[in-house]
1. Give me the strands (runs of 3 or more DSSP E) completely within the range 268-346, filtered to those with at least 2 residues that are within 16 Å of the ligand (Cβ to nearest atom) and without any contact (Cβ under 8 Å) to a residue 40 or more places away in the chain, ordered by residue number.
2. Which of (1) within 11 Å of the ligand (Cβ to nearest atom); (2) buried (at least 16 other Cβ atoms within 10 Å of the Cβ) does residue 201 not meet, given it meets every other one?
3. Within the range 229-243, is there a residue that is within 16 Å of the ligand (Cβ to nearest atom), outside any loop (DSSP other than H, G, I, E, B) and more than 16 Å from residue 312 (Cβ to Cβ)?
4. Could you check residue 65 against (1) in a helix (DSSP H, G or I); (2) under 30 Å from residue 44 (Cβ atoms) and say which number it fails?
5. Looking at 132, 125, 145, 168, which is the one that is modelled with pLDDT under 95 and within 12 Å of the ligand (Cβ to nearest atom)?
6. Would you mind finding the one in 27, 34, 101, 90 that is at pLDDT 95 or above, touching a strand residue (DSSP E or B) at 6+ places or on another chain (Cβ under 9 Å), assigned to a helix (DSSP H, G or I) and within 16 Å of the ligand (Cβ to nearest atom)?
7. Does residue 44 fit the bill of being under 24 Å from the mean Cα position of the chain (by Cα) and within 16 Å of the ligand (Cβ to nearest atom)?
8. Just to check your reading of the model, which residue among 140, 186, 179 is in contact with a helix residue (DSSP H, G or I) (Cβ under 9 Å, 6 or more places away or on another chain), under 22 Å from residue 97 (Cβ atoms) and assigned to a loop (DSSP other than H, G, I, E, B)?
Ligand code: UD1
């Protein structure tokens with residue numbers, strides 16, 4: 001038996017769509033709680049599978065974790081003495097588990113984190129996580145599938161220049177630096193709103209951090225940090241998903257609880273595609289044109305166009321007037337879903353890290369069974385299915401559930417004909 005999402009098209013996505021707290025922030029906020037003994041509370045927590053996995057990981061480290069999806073909160077009671085090992089079963093299920101590395105080395109002076117798997121969207125190295133911690137005095141090695149780190153005494157503040165503004169490495173090093181002796185300067189740091197969010201939580205815990213949201217982050221290590229209550233920043237990728245749902249299907253959505261300022265580049269591209277966008281007087285409304293124009297997009301670290309919304313650009317271009325070029329600069333292998341999109345009749349030509357898409361009127365795409373291979377690809381395939389004619393059956397639903405709270409219910413309330421189905425397998 002397998003769960004699938006069945007989409008009947010063509011329909012327009014029109015209505016009010018709420019935005020939860022950011023997946024890519026909340027998981028790291030939960031890891032940051034490890035920096036202080038005592039009870040920290042995270043609010044505006046999305047009801048997604050990855051939060052459950054992170055909660056289990058923290059429990060295995062010795063924390064008492066209460067996750068209340070109805071209240072959108074996670075309480076994390078962190079003991080004075082923590083475990084230091086993150087097991088393969090959890091890290092494999094969720095690559096973001098690597099974010100406990102920095103806090104554990106800082107608190108326990110050692111950590112063993114299984115090497116991750118995660119979404120099938122590129123090589124996703126860890127070299128900067130390693131090199132940054134080594135620059136702070138830790139010794140790292142890979143043994144028996146684990147990344148092992150240890151340091152005699154506290155980590156030491158240093159200046160470390162990242163080769164590339166990696167989100168995960170910036171977060172791990174910022175968290176590690178919060179309990180290091182002295183000052184750490186991270187140069188060429190990532191600037192994503194989620195980095196700012198995590199930095200603000202660590203500031204509230206008692207560390208001094210300057211330069212959040214810029215390429216140079218300075219962290220003054222504290223001897224001890226204290227637990228806090230912190231509200232998760234809104235999920236800009238979920239907000240972007242809803243905006244593209246309107247753009248691809250020619251609908252009109254009011255996005256609630258999001259921060260449009262975190263989507264400046266995305267909204268600029270949607271306007272170029274012909275969308276009308278109103279962010280005045282606290283509203284956030286996106287209205288798609290009858291048929292969008294194709295757009296050219298290159299993904300880049302924030303404030304550039306987010307790689308996590310790249311599949312939606314390909315989806316939009318597939319139903320647009322004209323041809324668009326999409327260039328993927330962050331995860332080189334993030335094209336697995338284009339073969340699935342072609343099953344609906346989309347015209348995509350791949351050339352290295354470029355995808356040229358020639359648009360067709362949406363009704364000429366015909367529904368088909370497709371497989372979601374990662375979170376965003378799954379959501380993008382379902383949305384194209386809403387614009388196409390006939391039935392699109394998306395398998396690999398677990399991926400979508402990792403990143404979207406009530407995906408089916410929300411889109412269905414906004415007019416899409418979409419439901420979950422349990423279907424029998426072949427064998
Ligand atoms: C995070 C997000 C992910 C998003 C990505 C980029 C989470 C849980 N995931 O992933 O949704 O798509 O940011 O915005 O927050 N790299 C190295 N060496 C390193 C670190 C990274 O080579 O030490 C490479 C990766 O292979 C990848 C690129 O840098 O090609 C970007 O990775 P990074 O910014 O670290 O993304 P993640 O933190 O993995």
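The values are calculated or read from the model by the stated rules, or taken from the named source; none is laboratory data. Since the model is a prediction, treat every value here as computed from it, not as a measurement. Note that each Cβ is placed from the backbone with ideal geometry, even for glycine, and that neighbours are counted across all protein chains shown.
1. On the way: elements: 276-278, 285-287, 323-327.
The qualifying strands (runs of 3 or more DSSP E) are 323-327.
2. Unmet for residue 201, out of (1) within 11 Å of the ligand (Cβ to nearest atom); (2) buried (at least 16 other Cβ atoms within 10 Å of the Cβ): (1).
3. Step one: of the range 229-243, the residues within 16 Å of the ligand (Cβ to nearest atom) are 232-241.
Remaining after also requiring outside any loop (DSSP other than H, G, I, E, B): 234, 236-241.
With the extra rule that they be more than 16 Å from residue 312 (Cβ to Cβ), the set shrinks to 234.
Taking every residue of the range 229-243 in turn, at least one turns out to be within 16 Å of the ligand (Cβ to nearest atom), outside any loop (DSSP other than H, G, I, E, B) and more than 16 Å from residue 312 (Cβ to Cβ).
4. Unmet condition: (1).
5. Working: 132 fails: modelled with pLDDT under 95; 145 fails: within 12 Å of the ligand (Cβ to nearest atom); 168 fails: modelled with pLDDT under 95.
Of the residues listed, the single one that is modelled with pLDDT under 95 and within 12 Å of the ligand (Cβ to nearest atom) is 125.
6. Details: 27 fails: touching a strand residue (DSSP E or B) at 6+ places or on another chain (Cβ under 9 Å); 34 fails: within 16 Å of the ligand (Cβ to nearest atom); 90 fails: at pLDDT 95 or above.
So the residue among 27, 34, 101, 90 that is at pLDDT 95 or above, touching a strand residue (DSSP E or B) at 6+ places or on another chain (Cβ under 9 Å), assigned to a helix (DSSP H, G or I) and within 16 Å of the ligand (Cβ to nearest atom) is 101.
7. Numbers: under 24 Å from the mean Cα position of the chain (by Cα): yes; within 16 Å of the ligand (Cβ to nearest atom): no.
No.
8. Details: 140 fails: assigned to a loop (DSSP other than H, G, I, E, B); 186 fails: assigned to a loop (DSSP other than H, G, I, E, B).
Only one candidate passes the filter, namely 179.
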